[in-house]
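Engineer: Okay, handing you the structure first.
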Amino acid sequence: MNKAIETNFPFEHLSEVAEIESWRKEVHRPIYHMHKWWARRLGSVFRAVILGASQPPGADIMRLLYEPVDLGGLVVFDPFMGSGTTVGEAYKLGCTAIGRDINPVAYRLVKTALSKISRQPLLDLYRQLQGQVETELRQLYVSADRNGAACDVLYYFWVKTLPCPACQEQVDLFSSYVFARHTYQARFPQVQVICPDCGQVFPDLHGNEDVTCPRCRLSFDPQAGSVRGAHATCRSCGETFAMAERALSQGHPPAHRPYAKLILTRDGAKEYLPITMEDKNAYEFACAELARKNPPLPHVEILPGFNTQQVLNYGYRYWDEMFNGRQLLALTTLAGGIQQLPACPERDALMLLFSGVLEFNNMFASYKGEGTGAVRHMFAHHILKPERTPIEANVWGTSKSSGAFSTLFESRMLRAIRYKEAPFETALERQNGKQASRKVFGLSPAIAANVIDKYPAGGIPRQTVYLSCGNSANTDLPDKSVDLVVTDPPFFDNVHYSELADFFYVWQQMYFNEPCSQDRATTRHIGEVQDGDVESFADKLSQVFQECHRVLKDDGLLVFSYHHSRPDGWSAIAAAVLGSGFTFVQSQPVKSEMSGATPKSQAKSPIDLDVLLVCRKRHGDTRDRVDIDSAYNAAIGNTAWKIRKFNGQGRTLSQNDIKVILLSQLLVELSSGRDRSELLTSFNTLMLRITNAIDELNITQTQAQVSLYQSSVQQLVLFEEGESYDATAHPANDGG
């Protein structure tokens with residue numbers, strides 16, 4: 001029997017909810033954000049997917065989204081569990097949840113996120129750790145204000161330097177001498193400038209191109225540093241050189257020098273100051289202390305790869321070279337303190353928090369400025385990008401710190417614990433004529449799963465989550481034991497998760513006995529479904545889908561999210577699905593990703609949608625085969641209809657969004673009655689018509705009156721100021 005996701009799935013209404021969640025995923029679904037992972041999908045979408053794939057046609061999915069639902073142990077499997085969105089949402093809906101991932105960093109994240117962690121024991125353990133290491137760590141970040149009084153340092157500012165190939169003078173790699181600005185520059189136009197001659201730090205106004213240093217009276221353009229593009233120019237002799245080439249020729253990473261600090265005065269004010277000789281001496285003392293203690297360091301080789309080549313080209317060879325000496329001293333002290341705590345789930349949570357702290361406390365992190373979280377973590381661009389002007393944060397932190405262990409304990413860990421104790425959904429409503437949102441409680445039990453790592457002989461009992469670490473092309477699940485497979489597979493040519501996850505893994509393996517380490521120095525695995533070669537990617541994904549075919553019941557669905565702008569990305573998916581015995585029966589577009597993500601904001605035609613590709617075992621597809629022209633016309637008609645549904649909700653679509661809908665719809669229309677080879681031939685033939693079709697459909701796209709994307713910030717404010725809502729007290733909630 002068909003399911004709601006194959007017929008009347010409310011993708012346009014669901015996208016409104018998903019839009020709100022996408023702006024602050026760490027607020028709306030904090031359990032999936034206890035640690036860094038890539039391509040984290042939206043919890044509201046995957047809750048709706050599970051509901052839509054389990055309910056009959058005609059079911060009101062938006063209403064069910066805000067009602068307490070128990071699916072009675074429906075078995076849901078995610079073979080690419082990543083940050084655990086599918087597994088967590090399935091657990092909340094009363095399903096038997098099974099998750100597997102080949103990467104041990106993902107496995108640790110999901111295991112900790114879903115396990116039972118008690119608030120008071122966690123607080124007690126945190127305070128025990130605080131008593132052991134806080135004083136020592138905070139002493140590493142003590143300096144003096146302009147009057148000589150002792151104060152905490154929030155951040156040290158550093159700049160990379162390279163020797164000029166002509167005169168050997170050290171060249172500071174500043175692209176601009178403005179090193180600090182407020183996020184909201186129109187309201188707060190003051191910026192901080194560093195003098196390139198004497199090193200004085202002084203304030204000025206945003207946009208000024210001619211300033212005079214108050215100390216040495218040098219006049220200069222603060223917008224024009226020594227760096228332009230990939231080249232730097234020596235201020236001493238005028239020589240211009242390629243930075244990466246010069247860095248690589250040294251045989252080691254570029255040097256750094258500190259030039260400024262942001263301190264916290266005794267009365268709580270912030271103050272930018274230049275680095276002093278006492279600051280330099282304090283750093284040298286920390287480096288000497290690191291050498292004296294000689295703690296274990298992740299001196300593990302960085303392997304070549306798509307996402308690591310840039311850092312290798314800059315002379316980096318080992319993971320520990322991404323930290324300065326004081327950071328290594330602070331981080332090893334913190335990790336050692338956690339190691340000494342008694343073993344329990346709460347210690348596991350602090351281990352995970354420590355690992356998450358790493359992305360903010362390294363020499364690849366940078367300064368975002370005032371008005372928002374000050375530290376821009378190292379993975380903002382999804383690559384290991386050498387940062388020319390890194391920021392060193394206070395590792396333990398103060399009340400006004402960003403990216404510190406103490407502040408992340410509150411913003412990440414305790415926020416996740418509160419959500420685990422009382423899960424909620426986000427509902428939209430009208431307030432004073434404007435769209436707003438609120439939290440809806442009482443829909444799900446507390447998240448405190450009994451997590452097991454081996455499939456039990458008698459099957460998985462209720463309220464138990466089975467998680468495993470390994471290749472999903474080979475599982476221990478019995479034949480036809482799964483009702484529903486819901487997942488988000490990797491993209492073949494996008495972020496290579498394992499290459500970046502190794503940054504965390506080398507620390508986890510060294511200090512916390514990573515459970516899936518298998519004595520490997522990397523999370524890379526020959527079976528990882530991530531490959532720049534289309535055929536290899538399709539083959540690996542097909543092997544996983546073949547295993548899903550084996551464990552899935554004959555009437556079960558495989559549903560996965562996907563988007564891609566290139567035809568070969570769609571050909572690869574088609575080859576994997578049909579090559580594993582499945583066929584496409586429906587495609588549902590829905591809002592995805594984080595609206596403000598850096599890669600998206602830099603794209604000319606950003607993809608704002610995922611498609612939910614709904615698949616059945618081929619023998620379960622009862623549709624008639626249609627000729628290629630009929631399939632094309634049906635795809636065009638269904639795509640136009642779906643665009644109009646979005647337009648009706650005030651959502652505009654980019655041309656790439658339209659392309660995503662159309663290509664996925666083509667796969668649906670073509671797949672019935674065609675094998676893998678025939679479908680790919682027909683699909684590639686129709687690609688020649690796609691460009692003109694998208695231009696025609698773009699006329700429909702421009703009819704939208706209001707951009708939901710642009711109004712989301714206003715909605716977020718209303719959400720965070722709105723009242724809570726308890727569905728158990730109001731069972732007739734119409735939050736959809």
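Engineer: Quickly run through region 84-138 and pick out the residues that are part of a strand (DSSP E or B), of a type in the set (Val, Ile, Thr) and within 18 Å of the chain's Cα centre (by Cα).
Structural biologist: If the condition is that a residue be part of a strand (DSSP E or B), of a type in the set (Val, Ile, Thr) and within 18 Å of the chain's Cα centre (by Cα), then no residue fits.
Engineer: Restricting attention to region 415-422, does a residue exist that is touching a residue at least 60 places away in the same chain (Cβ under 8 Å), part of a helix (DSSP H, G or I), of a type in the set (Lys, Arg) and under 23 Å from residue 328 (Cα atoms)?
Structural biologist: Looking for residues that are touching a residue at least 60 places away in the same chain (Cβ under 8 Å), part of a helix (DSSP H, G or I), of a type in the set (Lys, Arg) and under 23 Å from residue 328 (Cα atoms), one finds none in region 415-422, hence no.
Engineer: Could you list, ordered by first residue, the pairs with Cβ atoms under 6 Å in which the first is in region 55-83 and in contact (Cβ under 8 Å) with a residue 12 or more places away in the chain and the second is of a type in the set (Lys, Arg) and in a loop (DSSP other than H, G, I, E, B), at least 6 apart or interchain?
Structural biologist: 73/462; 83/40
Engineer: Can you find a residue that is surrounded by 18 or more Cβ atoms within 10 Å (Cβ to Cβ), assigned to a loop (DSSP other than H, G, I, E, B) and among the polar types (S, T, N, Q) anywhere in region 358-374?
Structural biologist: Checking region 358-374: at least one residue is surrounded by 18 or more Cβ atoms within 10 Å (Cβ to Cβ), assigned to a loop (DSSP other than H, G, I, E, B) and among the polar types (S, T, N, Q).
Engineer: May I pose another question? Filter region 217-235 for residues that are surrounded by 13 or more Cβ atoms within 10 Å (Cβ to Cβ), out of contact with any Leu (no Cβ under 7 Å at 6 or more places or on another chain) and polar (S, T, N, Q) and give the result.
Structural biologist: 223, 233
Engineer: So residue 164 passes all but one of these: (1) assigned by TED's automatic domain parsing to the domain that holds residue 345; (2) under 30 Å from residue 87 (Cβ atoms). Which condition number does it fail?
Structural biologist: The failed condition is (2).
Engineer: Find the residue count for region 254-291, including only residues that are touching a Gly at 6+ places or on another chain (Cβ under 9 Å) and in a strand (DSSP E or B).
Structural biologist: Of the residues in that region, 3 qualify.
Engineer: Can I ask one more? If we keep just the residues of region 661-688 that are over 35 Å from the mean Cα position of the chain (by Cα) and touching a residue at least 40 places away in the same chain (Cβ under 8 Å), which is farthest from residue 580 (Cα to Cα)?
Structural biologist: 685
Engineer: A further question on this structure: Quick check on my filter: what residues within region 301-322 are crowded, with 18+ Cβ neighbours inside 10 Å, assigned to a loop (DSSP other than H, G, I, E, B) and either among the aliphatic types (A, V, I, L, M) or in contact with a Ser or Thr (Cβ under 6 Å, 6 or more places away or on another chain) (or both)?
Structural biologist: Within region 301-322, 302 is the sole residue that qualifies.
Engineer: If you take the residues of region 151-170 that are part of a loop (DSSP other than H, G, I, E, B) and of a type outside the set (A, V, I, L, M, F, W, C), which of them is farthest from residue 267 (Cα to Cα)?
Structural biologist: 165
Engineer: Identify, please: which residue in region 441-455 is part of a loop (DSSP other than H, G, I, E, B) and touching a Leu at 6+ places or on another chain (Cβ under 8 Å) and is, among those, farthest from residue 416 (Cα to Cα)?
Structural biologist: So the residue we want is 455.
Engineer: Identify the residue in region 268-284 that is hydrophobic (A, V, I, L, M, F, W, C) and surrounded by fewer than 14 Cβ atoms within 10 Å (Cβ to Cβ) and, among all such residues, is farthest from residue 384 (Cα to Cα).
Structural biologist: 269
Engineer: Of the residues that sit in region 296-326 and are touching a helix residue (DSSP H, G or I) at 6+ places or on another chain (Cβ under 9 Å) and polar (S, T, N, Q), which one is modelled with the lowest pLDDT?
Structural biologist: Out of the qualifying residues, it is 307.
Engineer: When you look at residue 20, is it touching an Asp or Glu at 6+ places or on another chain (Cβ under 8 Å) and not in a loop (DSSP other than H, G, I, E, B), yes or no?
Structural biologist: no
Engineer: Only residues that are modelled with pLDDT under 85 and either assigned by TED's automatic domain parsing to the domain that holds residue 377 or not hydrophobic (A, V, I, L, M, F, W, C) (or both): list them for region 500-553, please.
Structural biologist: Once the filter is applied, which keeps residues that are modelled with pLDDT under 85 and either assigned by TED's automatic domain parsing to the domain that holds residue 377 or not hydrophobic (A, V, I, L, M, F, W, C) (or both), region 500-553 yields 513, 514, 515, 517, 518, 519, 520, 530, 531, 532, 533.
Engineer: A further question follows. Report whether or not residue 91 is assigned by TED's automatic domain parsing to the domain that holds residue 498, closer than 21 Å to residue 12 by Cα and hydroxyl-bearing (Ser, Thr, Tyr).
Structural biologist: no
The values are calculated or read from the model by the stated rules, or taken from the named source; none is laboratory data. Just so it is clear, the model here is predicted, and its values are computed rather than measured. Note that each Cβ is placed from the backbone with ideal geometry, even for glycine, and that neighbours are counted across all protein chains shown.
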